Amino acid sequence: MPKKIKLIILTFLFLPIVSNAFECSITNIEGKSDSELEAIALQCEKEAAEQKALLEAKQRESVTIERDISILDSKIDKTALDIRATKVRIYQIGQEIDQKENDIRTLSEKTEEIIDHLGVLVKRANELDSFTYLEAMLSQESISSFFIDSNDFDEVKKGLSDKLSELRNVKEKTEVAKIQLEEVEMNERGLKIKTEKEKAQAENYKDQKQDLLSLNRDQEAEYKAAIAEKERVKNAIKNRLFRTVGGVELTFGEALKLIQPYEEKIGVEAALTLSILSQESGIDGLIGKNQGRCTYNQKATNKAGTVMSNSQKPAFLAITAELGMDPNTTPVSCPIYSDGAYGGAMGPSQFMPNTWWDGNNGTGFKKRVAKVLGVSVPSPFNNLDAFTGTALYLSDAMYRCKTAFSGQFDLWSCSAAKYYSGLYNTTSNTLTQHMKPTYSYGYKVAKRAQEFQKDIDLLNN
């Protein structure tokens, strides 16, 4: 083989391989396509997985100061990569939200246009409909013109029907687009929670690393004793008895294990959901005091004469029938007359039947819970299903609260106030009453959620 050809082959073999892979970077993501953004996010996730493997290998080694410094280094690197991946995903969702908003604007404009056309058609239809045969005979117009107008009337009616049908289709599309936008917004809020959590963890890791660097090997025994004490505190938190508003008892760790996997999907912090579910409240200091000890048709002092109001009974009977439960023995909350004339709330999260699912109107949280959990028939009496419903309710409340508040404490307090007093019908005065004073339901829930968040951070660390 000629030397020249050999040289070309060797040069080709030892050329650096050009890769189309993207770097895990968030410094230049503006204007990139969805596929490019996806590639960057995947690269970040790949590098984070590699760091996780290194971290797990280090964690299997015997406890030493040097080993734990290496672990913290790996945690910091992994957290940084997770944050980058999350920021790319949030950027993608932001673009999708912008597109959805444009779609809704377009649909709204089209709806207005159709309504204008309908106005003209209705007016024309009314004119022709009120024009009698006698008036046609006495008018100066010819009979032939009258019958032409009559034929026109049929065309107008057909046009009116077509426009009405078109309006309904546009309305349905608008509603679907709105629901999709709300779901995307909820996902974005979940990603924000994840990013903030990872950022706080990274900062915590750095502080721990500085503490470790200041130690020396002579302090190894003291360091191990501190670790053992930290584990003791974590176990105490995890095993602390947790009581839900329905009186269900489970450990804090068990409750957290149920809720935490869904906090990013729903966009509500587990600490807030747990705080809402906890038993303390502004109602005689105990929200679960008289809950779950009555039946729906039991006699009570109110207009209906029963524990449950007549408006709630059809939904309750449908829910129990679907779940194969006897409505006459299924426990519901008793009335707390200082707070209202009726009881009838169901399960650990105390959902009212119509709020869980109103079959007549096709509204409620049942289908949304089913979608989040991937189940066919969720139950308000099941812990996970009920807790997920609580988180979804809080997500809706937070969506409305963020038009007036931005700080976490105020958002938590406002969301809790809406959970307590109603999602849709809460006036500004009622909202302030239930979220601002230190003794109010919303304020106490937000304060307790802060304490729960500290516990959760310790358990996660």
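FYI, it's all coordinate maths here, none of it is from the lab. Note that the coordinates shown come from a computational prediction; the quantities given were computed from them, not determined experimentally. Heads up, the Cβs are rebuilt from the backbone with ideal geometry, glycines too, and the neighbour counts pull from every protein chain shown.
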Exercise. For Asn429 and Leu118, compute 0.36 nm times the residue count separating them, minus their Cα-Cα distance, and round to one decimal in nm.
Key: 107.9 nm
Exercise. For an R0 of 51 angstrom, estimate the FRET efficiency from the Cβ-Cβ distance between Asn360 and Thr64 and round to the nearest 0.05.
Key: 0.20
Quiz item: Considering only Cα-Cα distances, which of the following residue pairs are longer than 25 Å: Lys75/Lys192; Lys32/Lys194; Lys230/Lys454; Lys265/Lys313; Lys230/Lys257?
Solution: Lys265/Lys313
Practice problem: Please list, or write none, the aspartates and glutamates whose alpha carbon is within less than 12 Å of the alpha carbon of Lys367, excluding same-chain residues fewer than 8 places away. | Solution: Asp358, Asp385
Practice problem: Run the quick spin-label model on Gln95 and Lys303: label points 7 Å from Cα toward the beta carbon, then report their separation in nm to one decimal. | Solution: 5.5 nm
Exercise. Give the calculated FRET efficiency between Asp326 and Lys171 to the nearest 0.05, with a Förster radius of 35 Å applied to their Cβ-Cβ distance.
Key: 0.30
Practice problem: At most 16 other Cβ atoms within 10 Å and a DSSP loop assignment: could you name the trypsin sites (Lys or Arg not before Pro) in the stretch 374-442 that fit? | Solution: Lys402
Quiz prompt | Approximate spin-label separation Ser338-Leu458, in nm, with each point projected 7 Å along Cα-to-Cβ | solution = 3.2 nm
Self-check item: Within the stretch 208-264, trypsin sites (Lys or Arg not before Pro) in DSSP loop having at most 14 other beta-carbon neighbours inside 10 Å
Solution: Arg240
Quiz prompt | Calculated FRET efficiency for the pair Glu38/Asp73, C-beta based, R₀ 30 Å, to 0.05 | solution = 0.55
